[in-house]
Amino acid sequence: MKNLTEYNALIRQDLTLVTHQKGHALTLKTTWGLFSPRAIDEGSQLLLDYLEISGNDNCLDLGCGYGILGLTLAKCAPQGKTLLVDKDFVAVDYSEKNRQLNHINNAECLLSNGFDQIPPQQFDLIVSNIPAKVGKEMLYIYLFDALKYLKPGGSFYIVTITGLRQFFKRGFLEVFGHYEKIKQGKTYTVARGIKAV
C-alpha cells in the first residue's frame, strides 16, 4: 500500500520541461491531462522552427495548452503583446504559471472557446496547433475568426496532421484567398494564410 501511496503522490506533481526556442530558454511546468505533457510535441516544434516573427508583433496563440507557442512568441516579440487562449481552464492555469515562471510581462492568458472571449483587437500574427478532431465546422470558424482578428498583411500560421492539409488548403483559399504551405513533414504540415492588404 505504501508504494501505491507514493505513486499517487508522484503522479500529482508537476512535470518540468526545459527547452530552447528561437534563442530563448524556457522552463515549463506541465501536468497529466494536458496535451503532450512530457515533451514538446512534434507539431509545435515544427511550427516554431518555420515561424517568422518580428520584435514588435502582436500575437495570438489559439489553443495554447501549457504555453509553448505563445510564450516563445512573447519572448521573440518583446515590443509586442501576446495573448494565449485555450478552452481548457487547466491549460490556461499552466500557461499563466509558465508566464510567471519565465518572467514574461508582455503576455496574457485567457480562457476562451476559440475567439469567443477575446476582446475586439487585431493581431499581426496568429498561431495554432490545430487539433484534428474538432470537426470541419469549428475549423471553418477558426478561419473566419482569424481573418477578422488579423491586421491587413497579418499571418495565420497553423500546424496540423498532414492528412488535413488539403482541407486547410481549400479552407484558406476560400476564406483568406491565400494559402502557403511552409513545410510538409511525414506527420505534420505547417501552413499559413495572409490577410489581404
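Listed values, structure above:
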quantity: Residue count, region 73-100 (criterion: farther than 18 Å from Gln13 by Cα and in contact (Cβ under 8 Å) with a residue 24 or more places away in the chain); calculated: 17
quantity: Set Ile68, Ile40: member being touching a helix residue (DSSP H, G or I) at 6+ places or on another chain (Cβ under 9 Å), in contact (Cβ under 8 Å) with a residue 24 or more places away in the chain, β-branched (Val, Ile, Thr) and within 25 Å of Gly154 (Cα to Cα); calculated: Ile68
quantity: Evaluation of Leu17 against (1) touching a Leu at 6+ places or on another chain (Cβ under 6 Å); (2) of a type outside the set (Lys, Arg); (3) under 16 Å from Ile130 (Cα atoms) (one fails), failing number; calculated: (3)
quantity: Lone qualifier among Ala9, Ala107, Ala91, Ala39 - being farther than 26 Å from Ile161 by Cβ and either of a type in the set (D, E, K, R) or out of contact with any Lys or Arg (no Cβ under 6 Å at 6 or more places or on another chain) (or both); calculated: Ala9
quantity: 3 or more residues surrounded by fewer than 21 Cβ atoms within 10 Å (Cβ to Cβ) and over 11 Å from the mean Cα position of the chain (by Cα): qualifying strands (runs of 3 or more DSSP E) within region 34-126; calculated: 107-111
quantity: Checking Leu139 against (1) closer than 21 Å to Val190 by Cβ; (2) in contact (Cβ under 8 Å) with a residue 40 or more places away in the chain; (3) aliphatic (A, V, I, L, M), the condition it does not meet; calculated: (2)
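Values quoted throughout were computed directly from the atomic coordinates according to the rules given, and no laboratory measurement underlies them. Everything quoted here is computed from the prediction, not taken from an experiment. Cβ coordinates were reconstructed from backbone atoms using ideal geometry, including for glycine residues, and neighbour counts include every protein chain displayed.
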